[in-house]
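All remarks here apply to the structure that follows.
The values are calculated or read from the model by the stated rules, or taken from the named source; none is laboratory data. Because the structure is predicted, anything quoted here is derived from the model rather than measured. Using ideal geometry, Cβ is built from the backbone for each residue, glycine included, and neighbour counts are taken over all protein chains shown.
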Amino acid sequence: MLHINKTIDETIKGLADYFIQTVNTAIKEKGRCAIVLSGGNSPKKLYELLVSFDYSRQIDWDKIHFFFGDERYVPFTDPGNNGNMVKKALFEPLMIRDANIFYINTVVPPDESAKKYAQRILSYFKNDPVRFDLVLLGLGDNAHTASLFPHTPVLKEKKALVSAVYIEELSSYRITMTAALINEANAIAFLVYGEAKAMAVYNALEGEKDFETYPAQLISPEEGVLHWFLDEDAAKNLKQKEV
């Protein structure tokens, strides 16, 4: 489902409202909620809105457990570390308990990091299906999402929950949830704005089917719902303008 807004602020507010609704529904039904967060500049604005008084008071934050869709293989103190960014933007202002946060460990080797994170996910869900209540995603200029980059081996991964992947163009490793795991979620929400992302949005949603070149096309849940929160600049190339 597409949600297209005139401005960036309206787009972020739309996702924030959806976040509140989804979280509260999960807590009401199960007593807890499992969320997968994304890194980067776009979601940072969302997190900053969620910590504002009007939004933060609408949620019982103690009942949310936070996971990460991917992580750069850099120390936690590195400015590029997703966990560190979210800690400062979301966790610290809301005083989220450490026990509710599942960071990706980048101290151990990449493959071990991926394996340990998958184990922690399995341990959290125990005997229940491994199904997150909400996965937040962004979109790169090259149509990558999480750390599912074009023409990387992880795109073909069907069994693993989490994989380490070496990104040639960045000369660095990433740890990422696989498309197979993301697609099991009850709800998935992309947040994309700005004219610079317009071509990537078009390729992901209406371009020729080519998962290797446009990895975001892999995100297509069979049972869950998929939402795209876009501003008009990001959506300008789309033929379909359903709101």
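Of everything in the range 165-190, what is of a type in the set (A, V, I, L, M) and either within 11 Å of Phe149 (Cα to Cα) or crowded, with 17+ Cβ neighbours inside 10 Å (or both)? Give them in sequence order. The answer is Val165, Ile167, Leu170, Ile175, Met177, Ala179, Leu181, Ile182, Ala185, Ala187, Ile188, Ala189.
Of the residues making up the range 202-225, at least one is surrounded by 13 or more Cβ atoms within 10 Å (Cβ to Cβ), assigned to a loop (DSSP other than H, G, I, E, B) and more than 21 Å from the chain's Cα centre (by Cα). Pairing residues of the range 207-236 that are polar (S, T, N, Q) with residues that are in a loop (DSSP other than H, G, I, E, B) and at pLDDT 95 or above, at Cβ distances under 6 Å and at least 6 apart in sequence or on separate chains, gives Thr213/Pro150; Gln217/Phe211.
Taking the range 119-163 as the range and being among the charged types (D, E, K, R) and either surrounded by 12 or more Cβ atoms within 10 Å (Cβ to Cβ) or within 14 Å of Thr178 (Cα to Cα) (or both) as the test, the residues that pass are Arg120, Arg131, Asp133, Lys156, Glu157, Lys158, Lys159. Look at the range 90-103: where a residue is under 20 Å from Ile175 (Cβ atoms) and without any contact (Cβ under 8 Å) to a residue 12 or more places away in the chain, no partner that is surrounded by fewer than 19 Cβ atoms within 10 Å (Cβ to Cβ) and of a type in the set (Phe, Trp, Tyr) sits 6+ places away or on another chain with Cβ atoms under 8 Å. Scanning the range 190-243 for residues that are closer than 23 Å to Ile8 by Cβ and modelled with pLDDT under 95 yields Lys239, Gln240, Lys241, Glu242, Val243.
Taking residues in the range 67-78 that are closer than 18 Å to Asn100 by Cβ, and partners anywhere that are assigned to a strand (DSSP E or B), the pairs with Cβ atoms closer than 6 Å and at least 6 places apart or on different chains are Phe67/Val36; Phe68/Leu37; Gly69/Val36; Gly69/Met177; Glu71/Ile175. In the set Lys28, Lys63, Lys44, Lys13, only one residue is among the basic types (Lys, Arg) and free of Cβ contacts under 8 Å to residues at least 24 places away in the same chain; that residue is Lys28.
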